[in-house]
Amino acid sequence: MDVQAAAGIASVATLARRVRANVERVIVGKPDVIEQALVAVLCEGHILIEDVPGIGKTMLAKALARSLGCSFRRIQCTPDLLPSDITGLEFFNQRTAAFEFRPGPIFAQIVLADEINRATPRTQSALLESMEERQVTVEGQTRTLPRPFMVLATQNPVELQGTFPLPEAQLDRFLLRLALGYPSAEDEQEILRRYRTGGPLEALEPVTTPDAVMAMAEAVRAVHVSPAVEAYTVAIARATRVHPEVELGTSPRGSQGLHHAAQALVAIRGREFVLPDDVKAMAPLVLPHRLILGSGARLRDRTAREIVDEVLRGVPAPVEREARP
């Protein structure tokens, strides 16, 4: 690796520490989740947070957007939400006697789609083009979205009445699926103290700029991945496709996401090359939501996470000397 690439990765680690410390002023006791969210930002990937209400999902999205200096919009998904409510629409301006475009909330850098599974499939599909191609087509005209661009969607795994499960094509466009979980007793006490006189979110200041974030994302691509680690990543993806309890394994988009997420994780931690353990760390966040389990696995209450853990135990990892540059 040349000196310029090494300096770029060092700057990623430095800036990531500043962003993480800033977000931790609002989100208490979740350093791993914040790091994983930064992985998605540096991959220009999207996040699906599946957890119960009231644990800070919206707060995480807002704190991340403020810390990065990015624009933020929230979409409250409901069954009566229309695709044009997300993408925007053309309207006739009587004063100018011409059609004008009114952009929807998708034209922000960090978009929170709250309770995404409450929107109808037609409305959910309005996000497909924007999540994959970073563009929106309205009335036959394609408009580019701002960068960096990330959709952070939430859904409640407990309250399923009146919801529409996300289709496989939609799930495959999320780089990571995360869960925040309840705080520990000590962290919950700290939350009470910190929010006693108001929320710290209002005082949060940006620690970087969108242009710097894009430069960080470019630097992540320079992280070294040896042929042995590439082969290990592919072997994991292929093992999910032939597992007897899996009806549909991970797609090539999934193996690409795992590869890039491992690079981003390494850069955040200040290392210049990916080890098999980095791939193992990201696989449970990148792969499970891309799998469709067979009827036998569902009858035995097996989860996709269990299948991925089983695959990781079964695929031999390369030795460390093969992974180093």
Looking only at region 54-61, decide whether some residue is more than 21 Å from residue 209 (Cα to Cα), more than 16 Å from the chain's Cα centre (by Cα) and buried (at least 16 other Cβ atoms within 10 Å of the Cβ).
yes
Just to check your reading of the model, which residue among 76, 94 is of a type in the set (S, T, N, Q) and either in contact with a strand residue (DSSP E or B) (Cβ under 9 Å, 6 or more places away or on another chain) or touching a residue at least 40 places away in the same chain (Cβ under 8 Å) (or both)?
76
Give the residue that is farthest from residue 116 (Cα to Cα), with candidates limited to residues of region 163-197 that are loosely packed, with under 14 Cβ neighbours inside 10 Å and of a type in the set (Gly, Ala, Ser).
185
Test residue 233 against the stated conditions and say whether it is hydroxyl-bearing (Ser, Thr, Tyr) and either surrounded by fewer than 16 Cβ atoms within 10 Å (Cβ to Cβ) or modelled with pLDDT under 95 (or both).
no
Mind checking whether some residue in region 275-288 is over 24 Å from residue 221 (Cβ atoms) and in contact with an Asp or Glu (Cβ under 8 Å, 6 or more places away or on another chain)?
no
Condition (residue is closer than 18 Å to residue 153 by Cβ, modelled with pLDDT of 90 or more and among the charged types (D, E, K, R)) applied to region 83-105: is it met by at least one residue?
yes
Flag if residue 50 is among the charged types (D, E, K, R), within 27 Å of residue 129 (Cα to Cα) and over 18 Å from the mean Cα position of the chain (by Cα)
no
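Condition first: free of Cβ contacts under 8 Å to residues at least 24 places away in the same chain and farther than 11 Å from residue 311 by Cα. Now tell me which residues in region 235-259 satisfy that. Outline the logic, then answer.
Pass one, region 235-259, residues free of Cβ contacts under 8 Å to residues at least 24 places away in the same chain: 238, 241-242, 252, 255-256.
Scanning region 235-259 gives 252, 255, 256.
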For residue 75, which of the numbered conditions (1) β-branched (Val, Ile, Thr); (2) farther than 30 Å from residue 169 by Cβ; (3) surrounded by 15 or more Cβ atoms within 10 Å (Cβ to Cβ) fails to hold?
(2)
Any residue at all in region 1-12 that's hydrophobic (A, V, I, L, M, F, W, C), surrounded by fewer than 16 Cβ atoms within 10 Å (Cβ to Cβ), within 30 Å of residue 226 (Cα to Cα) and touching a strand residue (DSSP E or B) at 6+ places or on another chain (Cβ under 7 Å)?
yes
Residues of region 248-264 being of a type outside the set (Lys, Arg), touching an Asp or Glu at 6+ places or on another chain (Cβ under 9 Å) and surrounded by fewer than 16 Cβ atoms within 10 Å (Cβ to Cβ), in sequence order, are 248
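For region 238-325, which fully contained helices (runs of 4 or more DSSP H) count at least 3 residues that are more than 23 Å from residue 32 (Cα to Cα)? Working first, answer last.
Values: elements: 252-268, 276-286, 295-299, 304-314, 320-323.
Result: 295-299, 320-323.
The values are calculated or read from the model by the stated rules, or taken from the named source; none is laboratory data. Predicted, not measured: the structure shown is a model, and the values here were computed from it. When we count neighbours, we look across all protein chains shown, and the Cβ atoms used for this are built from the backbone with ideal geometry, even at glycine.
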